[in-house]
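Remarks on the structure that follows.
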Amino acid sequence: MKGFMFGGTCGAYVKVMINANLSHRPSSKCVSGGRIRRKCRRSALLVAAGVMSGAIASQAAAASDPEPLSAIGAERGLELYERDAADQCVLGHHQIRVTVKNITREGLLKLELFGERNFMQSSGKLRRIRVPAEDGSVKVCINVAEPGEYAVVGYHDRDGDRKLDKKWNFMPKEPYGLSNNPVIKSLRLPKWDETRFTVPENGVDIVINLVDLD
């Protein structure tokens with residue numbers, strides 16, 4: 001909350017309350033006889049308009065300065081950013097070392113890490129990693145905060161649009177796989193108990209075989 005001083009008949013602060021809707025209201029000192037004084041109300045509206053203009057200008061500036069691609073993204077002509085990168089593989093560290101098979105060198109490979117809570121939901125996602133796809137197999141390492149039970153979901157984003165293409169029944173249209181390589185049935189995706197595995201203190205190596213369901 002910010003205060004702005006106005007003179008004249010107001011003689012008090014006009015407080016502009018800035019929130020998600022950029023709402024505003026004058027202070028109680030601007031209220032007389034149950035009515036808001038016109039000059040205070042005009043002042044508040046002018047301040048709110050100025051704040052809104054500044055916010056719009058800031059958003060426009062941010063939009064004109066897009067996030068730069070990572071070095072590998074620029075090299076391969078892929079939409080990859082530094083935040084997409086996998087962790088360095090270190091033997092003996094509590095991390096998941098995933099080898100993804102049945103893939104070709106086009107587009108991206110995306111992996112998502114989950115715990116049991118809100119499995120397969122956006123709110124339950126612990127990590128999201130994207131790396132360039134390669135012919136044959138790709139090894140990706142994911143650090144975990146502590147040993148425990150986790151699950152990994154991945155797919156081959158062949159067109160590199162950073163989205164999973166789906167069929168009419170919402171099943172994956174691009175090569176897809178999960179930890180433990182459970183059978184993916186036509187009417188549902190695997191559950192937590194089918195995909196979970198334990199990560200000990202010194203980490204674990206797993207293999208995911210992507211399956212083309214199209």
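Here are the numbers for the structure shown:
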{"quantity": "Cβ pairs under 6 Å, 6+ apart, first in region 119-131 and closer than 18 Å to LYS191 by Cβ, second in a loop (DSSP other than H, G, I, E, B) and of a type in the set (S, T, N, Q)", "calculated": "GLY124/ASN118"}
{"quantity": "Selection count, region 65-89, where residues are in contact (Cβ under 8 Å) with a residue 24 or more places away in the chain and surrounded by fewer than 13 Cβ atoms within 10 Å (Cβ to Cβ)", "calculated": "1"}
{"quantity": "Matching residues, region 173-183, being out of contact with any Gly (no Cβ under 8 Å at 6 or more places or on another chain) and of a type outside the set (Lys, Arg)", "calculated": "GLU174, PRO175, SER179, ASN180, ASN181, PRO182, VAL183"}
{"quantity": "Residue satisfying condition, being touching a residue at least 40 places away in the same chain (Cβ under 8 Å), small (Gly, Ala, Ser) and more than 19 Å from ILE103 (Cβ to Cβ), within set ALA145, ALA151", "calculated": "ALA151"}
{"quantity": "Within region 168-189, tally of residues that are assigned to a loop (DSSP other than H, G, I, E, B) and more than 23 Å from the chain's Cα centre (by Cα)", "calculated": "9"}
{"quantity": "Strands (runs of 3 or more DSSP E) contained in region 116-167 and holding at least 3 residues under 19 Å from the mean Cα position of the chain (by Cα) and within 21 Å of GLU194 (Cβ to Cβ)", "calculated": "125-132, 148-157"}
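All of the numbers you see were taken from the coordinates with simple rules; none came from a lab. What you see is a predicted model; the values in this text were computed from it and never measured. With ideal geometry, Cβ positions are generated from the backbone for all residues, glycine too; neighbour counts draw on all protein chains shown.
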